[in-house]
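The values are calculated or read from the model by the stated rules, or taken from the named source; none is laboratory data. All values reported here derive from a predicted model rather than from experimental measurement. Every residue, glycine among them, receives a Cβ derived from its backbone with ideal geometry; neighbour counts consider all protein chains shown.
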């Protein structure tokens, strides 16, 4: 078990950015975070659209827009409405988790970049 932990540790440490590559790493982090934030801003409307669709389905029954003559059709539409409602709730929860993950990742990367900048500043006097 120790051997496996050491190999995992070695692999994780090998992926750490080096102070010499600070500028390239800053650009990579910025582009990655921007891409994730754009994705979140694009998909944030999905739960709202699902809730509006559910309101449209149930509102059409309440206001008598849709007349259902067969009770099984009504049951099918109610089932679809419930599935959309649960889907909207789950999508909203998923998006909130993703938003929190991106915010946490942003904070972690900010601290990591500050540590790298400190390493660079500490190495400069040695080289001069």
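Mind checking which residues of the range 35-66 are part of a helix (DSSP H, G or I), farther than 17 Å from residue 89 by Cα and in contact with a helix residue (DSSP H, G or I) (Cβ under 8 Å, 6 or more places away or on another chain)?
The answer is 36, 37, 61.
Let's see how each residue does on (1) surrounded by 12 or more Cβ atoms within 10 Å (Cβ to Cβ); (2) modelled with pLDDT of 75 or more; (3) over 29 Å from the mean Cα position of the chain (by Cα); (4) part of a helix (DSSP H, G or I):
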site: 5; (1), (2), (3), (4): no, no, no, yes
site: 8; (1), (2), (3), (4): no, no, no, yes
site: 33; (1), (2), (3), (4): yes, yes, no, yes
site: 78; (1), (2), (3), (4): yes, yes, yes, yes
site: 100; (1), (2), (3), (4): no, yes, no, yes
site: 112; (1), (2), (3), (4): yes, yes, no, yes
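So how many residues does the range 12-31 have that are at pLDDT 70 or above and either assigned to a helix (DSSP H, G or I) or over 20 Å from residue 106 (Cα atoms) (or both)?
Residues that pass the stated criteria total 13.
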